[in-house]
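Structure first, commentary second.
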Amino acid sequence: MAHAIETHGLTRKFDGRVAVDGLSLTIEAGTVFGFLGPNGAGKTTTVRMLAALISPTDGDAIVAGHTLGVDDTALRGSVGILTEQPGLYDRLSARQNLRYFARLYDLDPARADAQVDRYLHLLELWDRRDEPVGTFSKGMRQKLAIARALLHEPGVVFLDEPTAALDPEAARTVRDFVKGLKAEGRTIFLTTHNLPEADELCDSIGIFQRRLLRMGSPSELRAGLFGAGTIVRVVGDAARYVPVAKALPFVHEVHADGDTLTMQVDDPDLRNPDLVDALRGAGARIRYVERLQHSLEDVYLRLVGGHA
Amino acid sequence: MKKALIVLDKEWLELRLQRGLLLATLFLPPVMTAFAVVVFYAAGKFSANVNTAGAPLPPEFAGLPPLELAQALVGRQFSVLFLLLPIFIPSVLASYAIVGEKRERTLEPVLATPIRTWELLLGKMLASLIPALAITLGAAALFVIGIFAFAITDRVRELIVTPGWVLAVIVDTPLLALIGVALIVVLSSRVNDPRTAQQFSAVLVVPVLALLFGQLAGVIVLGPALALGIGVILAMAAAGALWVATRLFQREVILTRWR
């Protein structure tokens, strides 16, 4: 699969302070990439570099087939960006806002009008199309800003905190829309603090704090950091089965809490039957056996916490 | 260039939606001009007892009868209005067009489009300069018509509508307007309130007022040579101001340095 974004040692310094330090990553076309990190980690600076808004101090990147720093005007025309702030003209109507940007994105008047109307319908803003944007709710403004980023049908879209400060219903609409964009084959570079959202939407995730701490699919990140785990619920006190579990060579880090045993297991798909046999052999009556699922939040906090 | 016109179009659309700003900037000059012409007319009718004993006067006003002197003084004072308007009008328009956009955080999405920074700057500047110059020159033309219609003698007319003043209006006012807009761009990198930018840019009226008082006191005679000389100085100042403005109005600088 082709790479939509490829960076090598991308670095940005501000007056000697390193904001982004040697970022190297590849993002496959047609996937959703989640870029996670705490405030001030350099996420927005990275997005601005990749969207050719600011130049890197060092390193290089290819975005949507354009080499950064070679023809940045063409690069900007090939990507869409939802900036941190919606940045809309409050006095202008939704339609006037979008028409302005459609023309700046080189759409001819007829196509500009068609695209504006299309996205106003898609994002459920058609009924308010001629009203000043200053009267819009936060959710409507965010949807309009997303529409603005897509008018020219870019192959790569940067979304900086698309659901921040939205109510659950509006956030759901935006998430569904992002899924739709992915289904259309677009590459989404998603910056978010909403970890369940990243888990739900992203094919791969980069955890970033000035430099890339870890990158992989959500499941790879969990497995890489916490290993695979199994939870066994038994009848009665689980503590008495701890020695039995610990005696098994493929079981590690066994904890008991009430009727629940939690442990790391090498290759659970293969070893869980042996584990169950050993516990039953020791007299355990088993209610449930479940896969231990670490949340993306656990992964994030372990990585970012270790570098805070 | 096409994108500069798109920006210009959007700026004027926004301007049309700001009724207060539109009224204050575009309709006030004709009203002031009409007022100037009315006062000029009245001075020629009702100033028979004007007393200028001891007051410094331009040498060319010496020996004028009272009514002519009154008209010439009124006309000369109001004529400077047309050197002040091109400072005020574009400063007000540009401060809303640039500082306003900075405050509303609308610049970043624009900078993210394939527009070149000079196209954006040109669009913003033209959006302020074109109406300012049109309204100033239009108002100046009305003023000249008023002077020609109501001057009680040819001498009064010649003392007000001088070749120096005409040259100053045609040559110097666009340059003053350009400096005003460039100054707003420079100030935009530091201030977040359009009114603050306007207050700072108002410093440009000082040399114009100096010209007015110098003329009235007889110290300065605004002849064609002086008007052109001022034009040369203003052109250099405008070039310097534009150079600074274009350096500050760069994508990178706007996004990382403007606070």
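Here, each number is a calculation from the coordinates, and none is a lab measurement. Predicted, not measured: the structure shown is a model, and the values here were computed from it. Cβ coordinates were reconstructed from backbone atoms using ideal geometry, including for glycine residues, and neighbour counts include every protein chain displayed.
Tabulated data for the structure shown
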quantity: Count of lysine pairs in the protein assembly as shown with Cα separation under 14 Å (8 or more residues apart, or interchain); calculated: 6
quantity: Reciprocal mean inverse distance between Cα atoms of the stretch A:74-182 - Kirkwood radius, Å; calculated: 13.7
quantity: Kirkwood estimate for the protein assembly as shown, i.e. one over the average of 1/r between Cα atoms, Å; calculated: 28.4
quantity: Separation in nanometres of the label points that stand 7 Å from Cα toward Cβ, at residue A:8 and residue A:250; calculated: 4.3
quantity: Inter-probe distance in nm under a simple model that places probes 7 Å from Cα toward Cβ, at residue B:235 and residue B:24; calculated: 3.5
quantity: C-alpha center-to-center spacing [the stretch A:86-109, the stretch A:58-76] in angstrom; calculated: 25
quantity: Distant-in-sequence amide H partners of residue A:66 (H built 1.01 Å from N, under 5 Å); calculated: none
quantity: Value of D in µm² per second that Stokes-Einstein yields for the stretch A:3-216, Kirkwood Rh from Cα pairs, at 37 °C (0.692 mPa s); calculated: 188
quantity: Rg/Rg_globular for the stretch B:188-259, with Rg_globular taken as 2.2 N^0.38 Å and Rg from C-alpha atoms; calculated: 1.50
quantity: Compactness of the stretch A:194-263 - radius of gyration and Dmax, Cα, Å; calculated: 16.6, 49
quantity: Inter-centroid distance (Cα atoms) of the stretch B:76-129 relative to the stretch A:279-299, Å; calculated: 66
quantity: Relative contact order computed over the stretch A:73-199 (Cα-Cα under 8 Å; 6+ residues apart), in percent; calculated: 32
quantity: Integer Hz, Karplus 6.51/-1.76/1.60 couplings in order for the stretch B:203-209, x for Gly and Pro; calculated: 4, 5, 6, 4, x, 5, 5
quantity: Where N is the number of residues in the stretch A:226-296, Cα Rg divided by 2.2 N^0.38 Å; calculated: 0.98
quantity: Part-to-part distance (alpha-carbon centres) for the stretch B:166-191 and the stretch A:140-213, which is given in Å; calculated: 43
quantity: Modelled FRET efficiency - R0 25 Å, residue A:203 with residue A:138, Cβ distances, 0.05 increments; calculated: 0.35
quantity: Model label zone, residue B:192; criterion: amide N under 13 Å from point 7 Å along Cα-to-beta-carbon; scope the stretch A:77-100; calculated: none
quantity: FRET efficiency, residue B:104 to residue A:274 (Cβ-Cβ, R0 45 Å, nearest 0.05); calculated: 0.10
quantity: Chain A: most fluctuating residue of A:191, A:73, A:260 per GNM, C-alpha cutoff 10 Å; calculated: A:260
quantity: Backbone HN-Hα couplings from phi across the stretch B:15-30 [Karplus 6.51/-1.76/1.60, Hz, Gly and Pro as x]; calculated: 4, 5, 8, 9, 4, x, 5, 4, 4, 5, 9, 9, 9, 5, x, x
quantity: Chain A: relative contact order in percent, alpha carbon pairs under 8 Å with at least 6 residues between; calculated: 18
quantity: Near-label residues of the stretch B:106-123 by backbone N, under 20 Å of a point 7 Å along Cα→Cβ of residue A:90; calculated: B:106-110
quantity: Candidates B:182, B:94, B:70: whichever shows maximal mean-square fluctuation once chain B is modelled as a Gaussian network with Cα springs under 10 Å; calculated: B:70
quantity: Shielding score for A:147-159, defined as the mean number of other chain Cβ atoms within 10 Å; calculated: 1
quantity: Modelled FRET efficiency - R0 45 Å, residue A:231 with residue A:24, Cβ distances, 0.05 increments; calculated: 0.75
quantity: Computed label-point distance, nm, for sites residue A:287 and residue B:17 using a 7 Å Cα→Cβ extension; calculated: 6.1
quantity: Hull-based mean projected area of the stretch B:104-154, where the convex hull spans the alpha carbons, in square nanometres; calculated: 5.3
quantity: Computed log₁₀ I(q)/I(0) - Debye formula, equal Cα scatterers, no solvent, the stretch B:1-140, q 0.10, 0.11, 0.15, 0.22 Å⁻¹; calculated: -0.50, -0.56, -0.78, -1.26
quantity: Relative contact order, percent, the stretch A:226-296 [alpha-carbon distance under 8 Å, six or more residues apart]; calculated: 45
quantity: Estimated D of chain B in µm² per second, where Rh is the Kirkwood radius over Cα pairs and Stokes-Einstein applies at 10 °C, 1.306 mPa s; calculated: 81
quantity: Sum of -39500 (n - 2.57) over DSSP H runs of 4+, divided by residues of chain B (222 nm, nearest 500); calculated: -23000 deg cm²/dmol
quantity: Table column - 3J(HN,Hα) (Hz), the stretch B:233-246, Karplus curve with 6.51, -1.76, 1.60, x for Gly and Pro; calculated: 4, 5, 4, 5, 5, 5, 4, x, 5, 5, 4, 5, 4, 5
quantity: Fluctuation leader among B:180, B:100, B:229 - chain B, Gaussian network, Cα springs under 10 angstrom; calculated: B:229
